[in-house]
Every structure is written in C-alpha cells, then in structure tokens.
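S.K.: This structure is in structure tokens; I'll ask about it shortly.
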Amino acid sequence: MGFFDFGTIFFLVAAVVIFFQLRNVLGRRTGSERPPFDPYTAGRTRDDAQKPENVVSLPRKRAPGEPAIDAYAAIDAFAKPDTDLNKGLRAIKDNDPAFDPKTFVDGAKMAYEMIVMAYADGDRKTLKNLLSREVYDGFVAAIGDREAKSEKIQSSFVGIDKADIVSAEMKGSEAHITLRIVSELISATRDKAGAVIDGDPETVAEVKDVWTFARDTRSRDPNWKLVATEEED
C-alpha cells in the first residue's frame, strides 16, 4: 500500500513538471490567435467575412481633376477615328454600353468554328442557337438534301487565319456587324458508297467567308446570331 502511495505521488509530480514545460514551449492562448486555415475561404479577408452578403460595392467616384474614361477608347484603337467603321461601332456602343469590338471578334471566331462543324455534322440543335431563322432554314434544307442522298461531309477545322470587321451599323434597335473571315479547313463530301465527290480529305483548303452577325440591343440576351453569309472566290 505504501509503495502504491509513493508511486502515485511520483507520477503526479512528473505530470506537473511536464505540464509546465509544455506551457513554456507552446505558450498560452491569449484570445487573439488566428483561426485555423480554411481553404474554401482563404481568399476572403476578415473585413470581407463581416460584410453582409447582399451588399454591392458601388463604382468609385471620380476624384476632382481626374480625367474621365473615354467610352470610345477601345473602338478608336480598333478602327481609325472618323471612318465609317468607327462611326458604326460607336453607334453600336451608344446602344449597347457593354459592347467591345475585340471581345466581339473573339466570340465571332468561336461561333464560326461551331457553325462550320455543326453544319458538317448535321447538328441542327447547335445551329438553331447560333443562326437567325432565315439562315437556319437554309442550312437545314441543305443538310436535309444531303441526308436524302446519303451523303456525308468529313471535316476537320484547322484554324482561322484572319477575322476582320469590315462594316458595322445600327438598323433600328438591331446591331449588325459584318466580318471577313479567312480560315483553313480539311473537308470532303462522300457519297453513299464512301467515294469522295467533292473536296479533298487530305488537303488543307483556304476558305474565305463574309458573315454578318446581328443582335437586338434591347434584348437581355447577349448572344449574337448569324443573319447573312457570303463566300468569297
């Protein structure tokens, strides 16, 4: 029994010593420690976390003497001032403040590739979202005629060499922009038996198109649709 009491006291003393050593090494909590790292909110500051979720930051007020932002700067950099193209782009900007010519061209190039490949694949659903009703009807008629003959188009899109805006104008509330697009495409049409009846499945061909896209600036839909096509010789 005496041995048990001595051993108990010994371990209690040892525990107290270890506790004070750990306290000196690790320190004590002061209430100002940083919270554990949370990877899902690591980008937010403490001030951000305290802001109500429904608060929207308003644009900064221009300081006295600070020059105003030129709303047409992007257009003037894209098309020479006082030209018909520049005036047309400015008119579109007046009706659609979010319009940017460079962003438009980037989007038109993506749409061009999607339309070309959707036509080759007979993808009516994709075409319907990208074409005006008149152009869509023409494309679908051509696809239907091809399918009736059991013909298939074998296409591979290589890329776009150039895409330049050649004209821009407002027609009522509709903005119209015409581009000249030079692309490279491998394309061949095969008949029911698989024989090539048009194009070349092994040759990269240069294709020149003049396409016009339009958008109603009063609509909340930001998408442009292809409203006219013309192929250059």
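The values are calculated or read from the model by the stated rules, or taken from the named source; none is laboratory data. Every value quoted in this text rests on a predicted model; they were computed, and no experiment measured them. With ideal geometry, Cβ positions are generated from the backbone for all residues, glycine too; neighbour counts draw on all protein chains shown.
S.K.: When the residues of the range 41-98 are narrowed to those that are basic (K, R) and assigned to a loop (DSSP other than H, G, I, E, B), which ends up modelled with the lowest pLDDT?
M.R.: So the first thing to find is which residues in the range 41-98 are basic (K, R), and the list is 44, 46, 51, 60-62, 80, 87, 90, 93.
Okay, now just the ones that are also assigned to a loop (DSSP other than H, G, I, E, B), so 44, 51, 60-62, 80.
Details: R44: 40, K51: 46, R60: 47, K61: 47, R62: 49, K80: 96.
Taking the candidates together, the pick is R44.
S.K.: Please give the number of the condition N223 fails out of (1) assigned to a loop (DSSP other than H, G, I, E, B); (2) among the polar types (S, T, N, Q); (3) over 19 Å from P101 (Cβ atoms).
M.R.: Tallying (1) assigned to a loop (DSSP other than H, G, I, E, B); (2) among the polar types (S, T, N, Q); (3) over 19 Å from P101 (Cβ atoms), N223 fails exactly one: (3).
S.K.: Identify, please: which residue in the range 193-228 is of a type in the set (D, E, K, R) and surrounded by fewer than 10 Cβ atoms within 10 Å (Cβ to Cβ) and is, among those, nearest to the chain's Cα centre (by Cα)?
M.R.: Taking the range 193-228 first, the residues of a type in the set (D, E, K, R) are 198, 200, 202, 206, 208-209, 215-216, 218, 220-221, 225.
After this cut, where a residue has to be surrounded by fewer than 10 Cβ atoms within 10 Å (Cβ to Cβ) as well, the list is 202, 220-221.
Working: E202: 32, R220: 17, D221: 15 Å.
Among those that are of a type in the set (D, E, K, R) and surrounded by fewer than 10 Cβ atoms within 10 Å (Cβ to Cβ), it is D221.
S.K.: Identify, please: which residue in the range 99-119 is within 15 Å of the chain's Cα centre (by Cα) and aliphatic (A, V, I, L, M) and is, among those, surrounded by the fewest Cβ atoms within 10 Å (Cβ to Cβ)? Let's see the steps before the verdict.
M.R.: Of the range 99-119, the ones within 15 Å of the chain's Cα centre (by Cα) are 99-114.
With the extra rule that they be aliphatic (A, V, I, L, M), the set shrinks to 105, 108, 110-111, 114.
Numbers: V105: 17, A108: 19, M110: 11, A111: 19, M114: 16.
This residue is M110.
S.K.: Taking the condition in contact with a strand residue (DSSP E or B) (Cβ under 7 Å, 6 or more places away or on another chain), among the aliphatic types (A, V, I, L, M), within 28 Å of A91 (Cβ to Cβ) and not in a helix (DSSP H, G or I), does A175 pass? Full working, then the answer.
M.R.: Working: in contact with a strand residue (DSSP E or B) (Cβ under 7 Å, 6 or more places away or on another chain): yes; among the aliphatic types (A, V, I, L, M): yes; within 28 Å of A91 (Cβ to Cβ): yes; not in a helix (DSSP H, G or I): yes.
Spelling it out, A175 is indeed in contact with a strand residue (DSSP E or B) (Cβ under 7 Å, 6 or more places away or on another chain), among the aliphatic types (A, V, I, L, M), within 28 Å of A91 (Cβ to Cβ) and not in a helix (DSSP H, G or I).
S.K.: Count, please, the residues in the range 113-126 that happen to be assigned to a helix (DSSP H, G or I), out of contact with any Phe, Trp or Tyr (no Cβ under 7 Å at 6 or more places or on another chain) and of a type outside the set (A, V, I, L, M).
M.R.: As a first pass, look at the range 113-126 and keep what is assigned to a helix (DSSP H, G or I): 113-121, 124-126.
Among the residues that remain, those that are also out of contact with any Phe, Trp or Tyr (no Cβ under 7 Å at 6 or more places or on another chain) are: 114-115, 118, 120-121, 124-126.
Among the residues that remain, those that are also of a type outside the set (A, V, I, L, M) are: 121, 124-126.
Residues in the range 113-126 being assigned to a helix (DSSP H, G or I), out of contact with any Phe, Trp or Tyr (no Cβ under 7 Å at 6 or more places or on another chain) and of a type outside the set (A, V, I, L, M): 4 in total.
S.K.: Among the listed residues I160, I186, I153, which satisfies the condition of being touching a helix residue (DSSP H, G or I) at 6+ places or on another chain (Cβ under 8 Å), farther than 26 Å from L89 by Cβ, buried (at least 16 other Cβ atoms within 10 Å of the Cβ) and touching a residue at least 24 places away in the same chain (Cβ under 8 Å)? Full working, then the answer.
M.R.: Working: I160 fails: farther than 26 Å from L89 by Cβ; I186 fails: touching a helix residue (DSSP H, G or I) at 6+ places or on another chain (Cβ under 8 Å).
Step by step, each of I160, I186, I153 is checked, and only I153 is touching a helix residue (DSSP H, G or I) at 6+ places or on another chain (Cβ under 8 Å), farther than 26 Å from L89 by Cβ, buried (at least 16 other Cβ atoms within 10 Å of the Cβ) and touching a residue at least 24 places away in the same chain (Cβ under 8 Å).
S.K.: Give the number of residues within the range 131-150 that are assigned to a helix (DSSP H, G or I) and either of a type in the set (A, V, I, L, M) or in contact (Cβ under 8 Å) with a residue 60 or more places away in the chain (or both). Can you show your working first?
M.R.: In the first step, residues of the range 131-150 are kept if they are assigned to a helix (DSSP H, G or I); the result is 133-148.
Checking the rest, the ones that are also either of a type in the set (A, V, I, L, M) or in contact (Cβ under 8 Å) with a residue 60 or more places away in the chain (or both) come to 134-135, 140-143, 148.
Count: 7.
S.K.: Now for a different question. Which condition number in (1) out of contact with any His (no Cβ under 9 Å at 6 or more places or on another chain); (2) within 26 Å of V166 (Cβ to Cβ) is the one that F213 fails?
M.R.: (1)
S.K.: Could you check the range 189-205 and list, in sequence order, the residues that are among the aliphatic types (A, V, I, L, M) and either touching a residue at least 40 places away in the same chain (Cβ under 8 Å) or closer than 22 Å to Y112 by Cα (or both)? Spell out the reasoning first.
M.R.: Narrowing the range 189-205 to residues among the aliphatic types (A, V, I, L, M): 193, 195-197, 204-205.
Those that are among the aliphatic types (A, V, I, L, M) and either touching a residue at least 40 places away in the same chain (Cβ under 8 Å) or closer than 22 Å to Y112 by Cα (or both): I197, V204, A205.
S.K.: Let me ask you something else. Which ones in the range 185-204 are in a strand (DSSP E or B), farther than 23 Å from K109 by Cβ and hydrophobic (A, V, I, L, M, F, W, C)?
M.R.: Start the filter on the range 185-204 by keeping residues that are in a strand (DSSP E or B), which leaves 185-190, 196-199.
From what's left, farther than 23 Å from K109 by Cβ: 188-190, 196-198.
Scanning the range 185-204 gives A188, V196, I197.
S.K.: Can you give me the number of residues within the range 109-130 that are free of Cβ contacts under 8 Å to residues at least 24 places away in the same chain and hydroxyl-bearing (S, T, Y)?
M.R.: Adding up the residues that qualify gives 1.
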